[in-house]
Structure formats: structure tokens, C-alpha cells
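Only one structure is covered here, and it is reproduced in the block below.
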Amino acid sequence: MTRTQDVTATQQRDPIGEAGTTAYYLAQEPAVEGYERYLASASTVSVWAATMQHGAPPSALLARAVERCAPRAGARVARLTMEILGPVPVGEVEVRAWVERPGKRIELIAAELIATQPDGSRRAVAKATAWRIATSDTSGVTHAADAPLPPVPEPTEVGWGVPDGWDVGYVRSVEIRAVAGDDVTRRVWVRPLVEVVAGEEISPLVRVFSVADVANGIGARLDPNRFTFLNTDLTIDLFRLPVSEWIGLAVQTSIGPDGVGTCSTVLHDEQGPIGRCLQILEVRPR
């Protein structure tokens, strides 16, 4: 069997493991042409289709690749944008990252996610660019413009109001606890229950990306039985990295008159705000 046939067969069989108990990705060997290879598990499955991945696991895998690309002390990722180029299949994916624009104080890192299509061709299904900035001591002048979220609440039987049919795949891999909100802003605390790559501890940066893409669902203003509202991208700006396992989301969603929406989120850890997230939505009646 050729490698292409083997990959196609991998994509056609059931995803490995059980949603909510298995890491998002299992490393595969050998790497090919500078790409690292991973097999996506059932924990990556989207609420929109059993054959495609939720946006959070791919964004976390790209953030991980960016963070590991030519790392250096005294610098960190401050902003990362993921562009979703098409459905990310639940199967084998390949990822690589490189320094797009080097710099002493500021550098641009790029990454891409490749998936093998049913016809055997390889195509980029997501890409990312990130600004990595040299750090300095500004501890004496720190300031957060947004108010902190209420503390993480005790678990309840009510949950956060997951829509019918959404308790699948990725949704089972995170714990979500709602806090008091209003008709404009939806507020939740989220933490991943599984690893991004099997056997690896999740870094603070990757932890944010492992949950932030749920904002679109948390802040949904439309009935998912009547509309689809997939995000085409994900941009996260972090003025500091999180220091707790829980990531807080304060989400506001707006829908325009021509099928385009925005989902804007203030990100938090248990010490307060850490940054912002923005998603563009492609809204369509079913």
C-alpha cells in the first residue's frame, strides 16, 4: 500500500479513541518533508459535521508549532491569527512552522496545516501567522482595561445550555461553567480535559487556543437548527499569558444583514483579563 492509500484509509476509518477521553492528536512517524504528522482523535470532531474538526484543536496545534519554531528566551507570541482555508478532516494532518520575517525585537512566525484529501492530494486547510515580541520588565505599570470575570463557579447540573445535538466530539473534551451574564454578553469559564498532543503538557499559550474557538458557540445568537454560523478565522491578542488552568470568555456576537457576523471575546484567567479574541462568522440559513 502506498503512503497516499494508507493516509486515505486512515481518514475513512473511525477516529481513534473516545471523545472527551483522548488527546486531540497522536504523533505519527516519520515526519515528511519537514512536516510533523498527527492523527486526529474523536475529541477533535466538530458540532457541524462528524467528518470535520472543531476549530479549537487545529488552532492549538498551529499555536504549538509556532511556539516551538526557533524559540528563544525573552520573547513570546503576542498575537496569532489562524485562517481556516477549508474543512479540516478528522484524520491525518501535517504541520510545519517557519520564521517568515526575522527580527531582533519583533519577528513574524508562519505555520500551515496540511491534510490529505480523499483523492490523495495534499492541501493546506489552515494557516497561521504570529508576532513574537521580545519581552521587557513592565511589571510596575500593568493595567487591564476590562473588569475581571466572577470566580469559577461550582459545577451544576444545569451546565451552560449546550444546544441539542452539540454534546459530541470536541464539546465533550472541555469543561464549561457558566457565570452570570446578560443578553449582550455571555460569560463562561472553560478548561480542556485532554492533552493537545498525547503525552505532552499544555503550555499557557496553547491552553488559550485549545478553548478560545468555543466563543462562537458560547455567544451564538441564532438557533443552530435554523442557521449555520461557522467562523472563517480566529485572531487572539494576549497582553499576558494565563497562569491558571481555567480560561474565561466574555463573548459578544453581532450579526449583519448580509450573512456576515463577528464574535468578539475578552479572554481571562483566574487573575483577570489576559487579551482578546475575534472571529468572523459566515452566517447562512439552513
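What's the total number of residues in the stretch 155-187 that are modelled with pLDDT of 90 or more and over 15 Å from Leu249 (Cα atoms)?
Within the stretch 155-187, the first condition is being modelled with pLDDT of 90 or more, and the residues that meet it are 169-179, 184-187.
This time we only want the ones that are over 15 Å from Leu249 (Cα atoms), so: 169-173.
Within the stretch 155-187, residues that are modelled with pLDDT of 90 or more and over 15 Å from Leu249 (Cα atoms) number 5.
Among Val190, Val152, Val206, which is open to solvent by less than 40 Å² (accessible area, probe 1.4 Å), assigned to a helix (DSSP H, G or I) and of a type outside the set (Lys, Arg)? First the steps, then the outcome.
Details: Val190 fails: assigned to a helix (DSSP H, G or I); Val152 fails: assigned to a helix (DSSP H, G or I).
Residue meeting the stated conditions: Val206.
Let's see how each residue does on (1) touching a residue at least 60 places away in the same chain (Cβ under 8 Å); (2) within 16 Å of Ile133 (Cα to Cα); (3) out of contact with any helix residue (DSSP H, G or I) (no Cβ under 9 Å at 6 or more places or on another chain):
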{"position": "Trp48", "(1), (2), (3)": "yes, no, yes"}
{"position": "Ala56", "(1), (2), (3)": "yes, no, no"}
{"position": "Arg64", "(1), (2), (3)": "yes, no, no"}
{"position": "Val77", "(1), (2), (3)": "yes, yes, no"}
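Only one of Thr81, Thr142, Thr116 is surrounded by 12 or more Cβ atoms within 10 Å (Cβ to Cβ), hydroxyl-bearing (Ser, Thr, Tyr) and farther than 16 Å from Ala60 by Cα; which?
Values: Thr81 fails: farther than 16 Å from Ala60 by Cα; Thr142 fails: surrounded by 12 or more Cβ atoms within 10 Å (Cβ to Cβ).
Selected residue: Thr116, the only one of Thr81, Thr142, Thr116 that is surrounded by 12 or more Cβ atoms within 10 Å (Cβ to Cβ), hydroxyl-bearing (Ser, Thr, Tyr) and farther than 16 Å from Ala60 by Cα.
How many residues are crowded, with 16+ Cβ neighbours inside 10 Å and either among the small types (Gly, Ala, Ser) or in contact with a helix residue (DSSP H, G or I) (Cβ under 8 Å, 6 or more places away or on another chain) (or both) when one looks only at the stretch 269-286?
Total meeting the criteria: 5.
Residue pairs, Cβ under 6 Å, 6 or more apart or interchain, first in the stretch 117-138 and farther than 23 Å from Trp98 by Cα, second in a strand (DSSP E or B). List them.
Taking only residues 6 or more apart or on different chains, the pairs are Gln117/Arg123.
Any residue that is open to solvent by 80 Å² or more (accessible area, probe 1.4 Å), within 29 Å of Ile218 (Cα to Cα) and in a loop (DSSP other than H, G, I, E, B) - is there at least one of those in the stretch 87-99?
Yes, that holds for at least one residue.
Across the stretch 211-250, which residue is nearest to Asp146 (Cα to Cα) among those that are open to solvent by less than 20 Å² (accessible area, probe 1.4 Å), part of a strand (DSSP E or B) and free of Cβ contacts under 8 Å to residues at least 60 places away in the same chain?
Ile247
Can you say whether Val266 is within 26 Å of Val141 (Cα to Cα) and surrounded by fewer than 16 Cβ atoms within 10 Å (Cβ to Cβ), as far as the supplied structure shows?
No; evaluated as a whole, the condition is false for this residue.
Select from the stretch 28-68 the residues that are surrounded by fewer than 18 Cβ atoms within 10 Å (Cβ to Cβ) and under 30 Å from Glu107 (Cβ atoms) and list them in ascending order.
Matches in the stretch 28-68: Gln28, Glu29, Pro30, Ala31, Val32, Glu33, Gly34, Tyr35, Arg68.
If I go through the stretch 251-261 residue by residue, how many of them are hydroxyl-bearing (Ser, Thr, Tyr) and loosely packed, with under 15 Cβ neighbours inside 10 Å?
First, pick out the residues of the stretch 251-261 that are hydroxyl-bearing (Ser, Thr, Tyr): 253-254.
Next, from what is left, pick out any that are loosely packed, with under 15 Cβ neighbours inside 10 Å: 254.
The number of residues fulfilling the criteria is 1.
The values are calculated or read from the model by the stated rules, or taken from the named source; none is laboratory data. Keep in mind that what you see is a predicted model, and the values were worked out from it rather than measured. Positions of Cβ are generated from backbone atoms using ideal geometry, with glycine treated the same way; all protein chains shown enter the neighbour counts. Heads up: the accessible areas ignore ligands, DNA and RNA and are worked out on the full protein's heavy atoms, side chains in. Shrake-Rupley method; radii C 1.70, N 1.55, O 1.52, S 1.80 Å.
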